[in-house]
Amino acid sequence: MSAPRHSRFEAVRLRLESFEPGAGWRLWLYEFALFGFKQAWACLFGALMLALLLATHLFYPDSAALYRYDFLTLCALAIQIAMLAFRLETWAEAKVILLFHIVGTVMELFKTAAGSWVYPEPSVLHIGGVPLFSGFMYASVGSYIARVWRIFDFRYTAYPPRWATYALAAAIYANFFAHHWLPDARYVLFAVTVLLFARTRIHFRNWRDHRWMPLLLGQFLVALFIWLAENIATFANAWTYPNQAAGWQMVGPGKLGSWFLLMLISFVLVSLVSPIRPPGDKRGDESEGERI
């Protein structure tokens, strides 16, 4: 039996987009609710992981035979398998999650060895000082971008040359490692990012018509959301920074810059498997749907 071509969400999405709420404030309210629903669906993997971090921090018994970090790893695997089995996620999205898991784990191994942050609790399922659930936290970012790209039918104008975006992403990733020995080049990377994407608009379809916003603004808003989620994760003792060793305190706003740059890497990686299409391009609009 061949695998189904679409996720279960596509049928729900098509019904919601075909609904006629009327005009005026009814249409505005419906679009607002629809936007929230689509965003929540795109965040599903990350939201479940964040809920698990918080719930286990508050309620996981200290006397349990299974370490909390190992429980989180097994839960992340179970969520991934269930989402595929029930067609809540496509195979293409699962491949993106695997790619981000690898990229994130490599960075985690280096950063924990350098003392940038630590995982204070014991575990069996780990590589070096990095519990395996941590890779799923990076993967949740990739999952969100891949899903929101498809759900909102992203289109782009004034998109920079692809080779330039690949080079920028590679330079950002290298700087996450190299700044431990060389001068931090993040401000140069910020400048190059603005230079490349200043004119780029992202067009997204919520109900039926595409609207647009500056791509850099959209990426900053997502980075802000991730920074807020990171504060919840560190409160839940998922990992701790050196200044949190004596007790939890908010992650400084300076981390927003790091998340913004990581967003660029994430976005470029997803662009490897998702099309960069201009507004008005009708190729495969509904037939592509939520294809696996």
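Of all residues in the range 77-106, those satisfying the criterion of being β-branched (Val, Ile, Thr), in contact with a Gly (Cβ under 8 Å, 6 or more places away or on another chain) and more than 19 Å from residue 40 (Cα to Cα) are 102, 105. Residue pairs whose Cβ atoms lie under 8 Å apart, sitting 6 or more positions apart in sequence or on different chains, and linking a residue in the range 197-212 that is within 23 Å of residue 165 (Cβ to Cβ) and touching a residue at least 40 places away in the same chain (Cβ under 8 Å) to a partner that is among the small types (Gly, Ala, Ser) and assigned to a loop (DSSP other than H, G, I, E, B), are 199/158; 200/158; 201/158. Do we have residue 141 as within 23 Å of the chain's Cα centre (by Cα) and in contact (Cβ under 8 Å) with a residue 12 or more places away in the chain here? It is true that residue 141 is within 23 Å of the chain's Cα centre (by Cα) and in contact (Cβ under 8 Å) with a residue 12 or more places away in the chain.
Would you confirm whether any residue within the range 262-278 is of a type in the set (D, E, K, R) and within 30 Å of residue 29 (Cβ to Cβ)?
Within the range 262-278, the first condition is being of a type in the set (D, E, K, R), and the residues that meet it are 277.
Then keep just the ones that are within 30 Å of residue 29 (Cβ to Cβ); that gives 277.
So far as the range 262-278 goes, yes, one or more of its residues are of a type in the set (D, E, K, R) and within 30 Å of residue 29 (Cβ to Cβ).
Just a yes or no: is a residue in the range 177-186 of a type in the set (Lys, Arg) and within 16 Å of residue 275 (Cα to Cα)? Checked against the condition, which is being of a type in the set (Lys, Arg) and within 16 Å of residue 275 (Cα to Cα), the range 177-186 yields no hits at all. All conditions but one from (1) at pLDDT below 95; (2) crowded, with 20+ Cβ neighbours inside 10 Å; (3) under 16 Å from the mean Cα position of the chain (by Cα) apply to residue 274; the one that does not is (2). Of the helices (runs of 4 or more DSSP H) entirely within the range 1-109, none holds at least 3 residues that are over 21 Å from the mean Cα position of the chain (by Cα), surrounded by 12 or more Cβ atoms within 10 Å (Cβ to Cβ) and among the hydroxyl-bearing types (Ser, Thr, Tyr). On the stretch given as the range 160-171, residues that are part of a loop (DSSP other than H, G, I, E, B) and touching a helix residue (DSSP H, G or I) at 6+ places or on another chain (Cβ under 8 Å) total 1.
Determine whether the range 59-69 contains at least one residue that is among the hydrophobic types (A, V, I, L, M, F, W, C) and in contact (Cβ under 8 Å) with a residue 12 or more places away in the chain. No: zero hits. Within the bounds of the range 236-257, is there any residue that is under 30 Å from residue 14 (Cα atoms) and crowded, with 17+ Cβ neighbours inside 10 Å? Checked against the condition, which is being under 30 Å from residue 14 (Cα atoms) and crowded, with 17+ Cβ neighbours inside 10 Å, the range 236-257 yields no hits at all. Applying the set (1) out of contact with any Pro (no Cβ under 6 Å at 6 or more places or on another chain); (2) modelled with pLDDT of 85 or more to residue 89 leaves exactly one unmet item: (2).
Quick one: is residue 108 acidic (Asp, Glu), under 23 Å from residue 57 (Cβ atoms) and in contact (Cβ under 8 Å) with a residue 40 or more places away in the chain? Steps first, please.
Numbers: acidic (Asp, Glu): yes; under 23 Å from residue 57 (Cβ atoms): yes; in contact (Cβ under 8 Å) with a residue 40 or more places away in the chain: no.
No: the conditions fail for residue 108.
Filtered by the rule that a residue be in contact with a strand residue (DSSP E or B) (Cβ under 9 Å, 6 or more places away or on another chain) and charged (D, E, K, R), the range 116-170 gives 121, 153, 155.
Quick one: would you say residue 243 is at pLDDT 90 or above and either of a type in the set (Asp, Glu) or not in a loop (DSSP other than H, G, I, E, B) (or both)? In short, yes.
The values are calculated or read from the model by the stated rules, or taken from the named source; none is laboratory data. Keep in mind the model is a prediction, meaning the values are calculated, not measured. Virtual Cβ from ideal backbone geometry, glycine too; neighbours counted across all protein chains shown.
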